[in-house]
1. Looking at I99, I46, I115 in this structure, which one is of a type outside the set (D, E) and more than 16 Å from ligand 1 (Cβ to nearest atom)?
2. Given the conditions (1) at pLDDT below 95; (2) in contact with a helix residue (DSSP H, G or I) (Cβ under 7 Å, 6 or more places away or on another chain), and given that A340 satisfies all but one, which numbered condition is not satisfied?
3. I'm checking my understanding of the structure. Among residues of segment 74-119 that are among the basic types (K, R) and closer than 19 Å to M273 by Cα, which one is farthest from ligand 2 (Cβ to nearest atom)?
4. Across segment 123-172, what is the number of residues that are of a type in the set (S, T, N, Q) and more than 20 Å from K107 (Cα to Cα)?
5. Going through segment 120-162 one residue at a time, which ones are within 16 Å of ligand 2 (Cβ to nearest atom) and touching a Gly at 6+ places or on another chain (Cβ under 7 Å)?
6. In the set R131, R181, which member is basic (K, R) and surrounded by 14 or more Cβ atoms within 10 Å (Cβ to Cβ)?
7. Between a residue in segment 278-292 that is in contact (Cβ under 8 Å) with a residue 60 or more places away in the chain and any residue that is assigned to a loop (DSSP other than H, G, I, E, B) and near ligand 1 (Cβ under 9 Å from one of its atoms), which pairs come within a Cβ distance under 7 Å, given they are 6 or more apart or on different chains?
8. If a residue has to be within 16 Å of ligand 1 (Cβ to nearest atom) and either polar (S, T, N, Q) or without any contact (Cβ under 8 Å) to a residue 60 or more places away in the chain (or both) to count, how many in segment 294-345 make the cut?
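The values are calculated or read from the model by the stated rules, or taken from the named source; none is laboratory data. From a predicted model like this one, the values you see are computed outputs, not experimental measurements. Every residue, glycine among them, receives a Cβ derived from its backbone with ideal geometry; neighbour counts consider all protein chains shown.
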Amino acid sequence: MKILVIGGGGREHAIVKKLKQSPRAKKLYALPGNGGIAADAQLVPIGAKEIGKMVDFAKEEGIDFAVVAPDDPLALGAVDALRAAGIPAFGPDKKAAEIESSKVFAKRLMKQYGIPTAAFEVFDKEEDALRYLETAPIPTVIKADGLALGKGVTLAYTLEEAKAAVHALMGERIFGKSGARILIEEMLEGPEVSVLSFTDGKTVVPMVSAMDHKRAQDGDKGPNTGGMGAIAPNPYYTKEIAELCMKTIFAPTIAAMAAEGRPFTGCLYFGLMLTAQGPRVIEYNCRFGDPETQAVLPLLESDLLDIMEATVKGTLDQTPVVFSDKSACCVVLASEGYPARYETGFTLTLPKARDHVECFVAGAKLENGQLLTAGGRVLGVTAVEDTLPQAIAVAYRAADDAAFTNKYCRRDIGARALAAVTEGGEV
Ligand code: AMP
Ligand code: GLY
């Protein structure tokens, strides 16, 4: 089969590498991919949001199956367009993708169907939001309704911070029309867990749980980033919690989307917070998370192509989805200064090949056969070992072998998870 993967980051490299293990995957294409992905797939020089060109290419090339990975093309209807052209595509259609692209839609869905989440209010006028804040419980959380590159959320610990965040979104429109409507939410507390799941709209199969590390610096300090590393499984997420989440969150969400006439197919990402009152949904993403995917997919033992096809055909209940019981740690290597200002264009030397280690290129281009850095996040280095401490140690050993000017990484990926283990969680 000829398979087209849309997107161009570390997540897409992890998807390409796993699909390549399928005996039926004869040829892989990445659109646009990146210089590192070029080692595993033929690059297609079309942007991930250029849906017309994408569909034309897929038809001309005789693509048998497409995987749409990033949120933007999903929100723009890439899956709808590919399917309309007769090409089976993994991912939600435009209506189902709204579960991520509109936080207001997602919160109203949860409220209507009794899915546990933080209490919230919706505002479309700045003065109403500011008036509400005068009597609202502080601390509080301010969120833009629309997509804001993961940066549309402010945790406000004082009334002044809350007001400033509302004004930045609604008055100054720092994220454009994404700030036309905002949410003001109850602030929850507890460890966060990312659970990615496969779903065909009826059956939902959670993958191994993961923990992201969103802040730029050690000790969860500094600004939010796309994610500086991940471990899987997440030790806070015990079997009992998993069963509770299936009953109160996963199955009800899939049923709610179907009942709304928006059956969700593809990968639905549950961003959860384990509060003292039980698990709560912080956010849904309509796609694989990054870097979580770089820790989770290396643990998948079943054929990813079979699973992805089953989500489109509606046969997930008859398809094996088996994960290894090992642990994975993914360390992200970034350009110093990320997520603000950073320099690119430096020679990138990948770590030497090691057993149990995979490298996923996030931001690099090929020039005259040489990889050059081309992004904030440059490389994800994942180790899979019997235990989490081993996976962390091996991932860092390999990550330290990679070389490029201004290389930066957090040194404490997995440390919080290890602390959870000693506090009595499960490994
Ligand atoms: P989001 O973009 O919705 O995932 O939010 C980004 C991050 O903000 C989450 O990963 C949480 O760490 C934090 N966050 C979002 N909503 C809340 C909330 N209601 N209470 C506490 N923290 C939150
Ligand atoms: N790692 C969080 C996300 O992909 O949104």
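1. Matching residue, one of I99, I46, I115: I46.
2. So the condition that A340 fails would be (2).
3. By that ranking, first place goes to K111.
4. The number of residues fulfilling the criteria is 2.
5. K143, A144, G150
6. R181
7. Close Cβ pairs (under 7 Å, with a partner that is assigned to a loop (DSSP other than H, G, I, E, B) and near ligand 1 (Cβ under 9 Å from one of its atoms)) amount to R280/A118; R280/L188.
8. Residues flagged as within 16 Å of ligand 1 (Cβ to nearest atom) and either polar (S, T, N, Q) or without any contact (Cβ under 8 Å) to a residue 60 or more places away in the chain (or both) within segment 294-345 amount to 0.
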